[in-house]
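The values are calculated or read from the model by the stated rules, or taken from the named source; none is laboratory data. In this text the structure is predicted, and so the values were computed from the model without any measurement. Don't worry about glycine lacking a Cβ; one is built from the backbone with ideal geometry, like all the others, and counts go over all protein chains shown. All accessible areas refer to the heavy atoms of the entire protein, side chains included, with ligands and DNA or RNA removed. Shrake-Rupley method; radii C 1.70, N 1.55, O 1.52, S 1.80 Å.
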Amino acid sequence: PDIIIINYDVLTKHAKALQSRTWDMVIMDEVHKIKNPKAKRTIQAVSIKANRKVLLTGTPITNRPIELQPIAGYLDHKSFGNFFYFAKKYAGAYKSRFGWDFSGSSNLDELQRRLRQSFMIRRKKDEVLKDLPAKVRQVIVLPNKSYGHELAKEFEALSDAVEETSFEEVSFERMSIVRHEMALAKVDDVVDHLADLDHQVVVMAHHKDVVQGIKDGLEALGKTVVTLTGDCNQVQRQNAVDTFQAGAADVFIGTIGAAGVGITLTKSSHVVFAELDWVPGNVSQAEDRCHRIGQQDSVLVQHLVVDGSLDARMAEVLVQKQKVLHRALDDVQVLPATFLV
């Protein structure tokens, strides 16, 4: 055949055939899926020889600059192919007592300049559509007077994690459990925040029971709500989107995993995160359900967190990470945190 179309999941199965020749052109979509240099799919993808290479993604960096190295190295091996050079130069790499740490960032202005001078064509939304409005992020800090029990459990889990003998032994499962409990506890405050809004709003959460709790609370106040979670089939998914886009629902509530990609919710210019995701790229993708072609207004993104909670700290880190990623690629406005009393 003239054209071979294959997905990342079966690259290893067909590695011998793919590497048996030099192709005229290779095009990889959603190329951030090969961000891990140790993953089998990445190893196979960057082993494909081609005279011309086109790699496409809306989120070149989902979490930290080091994730760009496999992609950049594949496109320009001479400049970016050395992992440790890239890590030390642009990821602030250093050796700790637990081994090498590649989670930082450094020399981002230089990185962006070199990327643009060599192979990166970054078509930002405001360049494609000159009238596409800005995106603004804000952290809304809820008073902690009603969350003593949940905060105590979070503190206990965090203290135990700090006391563990190695990073690998830290129980992220336990941390997730206490964050889930906090998310359920603050459902009423999330509902109160949304109840006063006189415009359509998109709400993103992580757990299905949190989505259901917010839905029940809003419907009790007379709001019309549609939801989209991983339990929805394709018909239900499209019906939820169509209903909201038609203006027939006041609130759209979705899980970040199910509703954070692949849909358009431009009827709203307001996104509220009732829960957070560990990965900044996932949050940015979820924000962009509203901030995309067809949007007429500035998009306000709000993170609702309890003062002193794990999510409050995560929100700060998340917004700072997003600032780092945008500094390596582009820019976005960030408002100072707002405290509700």
Item to complete: Would you please name the residue that is surrounded by the fewest Cβ atoms within 10 Å (Cβ to Cβ), looking only at residues in the stretch 284-301 that are in contact with a strand residue (DSSP E or B) (Cβ under 7 Å, 6 or more places away or on another chain) and within 24 Å of Gln234 (Cα to Cα)?
Response: Glu287
Discussion item. Return the pair list, or none, for Cβ contacts closer than 6 Å from residues in the stretch 1-15 that are closer than 17 Å to Ile34 by Cα and among the charged types (D, E, K, R) to residues that are open to solvent by less than 50 Å² (accessible area, probe 1.4 Å) and at pLDDT 95 or above, at least 6 apart or on different chains.
Written reply: none
Discussion item. If a residue must be open to solvent by 20 Å² or more (accessible area, probe 1.4 Å), at pLDDT 75 or above and not in a helix (DSSP H, G or I), how many such residues does the stretch 304-341 contain?
Written reply: 2
Item to complete: Please go through the stretch 59-88 and pick out each residue that is open to solvent by 60 Å² or more (accessible area, probe 1.4 Å) and either out of contact with any Lys or Arg (no Cβ under 9 Å at 6 or more places or on another chain) or not in a loop (DSSP other than H, G, I, E, B) (or both).
Response: His77, Lys78, Asn82, Phe84, Tyr85, Lys88
Practice prompt. Could you give me the residue pairs with C-beta distances under 8 Å whose first residue belongs to the stretch 300-326 and is over 25 Å from Pro65 (Cβ atoms), whose second residue is surrounded by fewer than 18 Cβ atoms within 10 Å (Cβ to Cβ) and modelled with pLDDT under 70 wherever it lies, and which are 6+ apart or on separate chains?
Written response: Asp307/Phe339
Item to complete: Output the helices (runs of 4 or more DSSP H) that fall wholly within the stretch 182-291 and possess 1 or more residues being at positive phi and aliphatic (A, V, I, L, M), or say none.
Response: none
Discussion item. For the list (1) under 30 Å from Ala249 (Cβ atoms); (2) surrounded by fewer than 20 Cβ atoms within 10 Å (Cβ to Cβ); (3) modelled with pLDDT under 90, I need the number of the one condition that Arg179 fails.
Written reply: (2)
Fill in: Asp209 more than 22 Å from Val305 (Cα to Cα), in contact (Cβ under 8 Å) with a residue 12 or more places away in the chain and open to solvent by 40 Å² or more (accessible area, probe 1.4 Å)
no
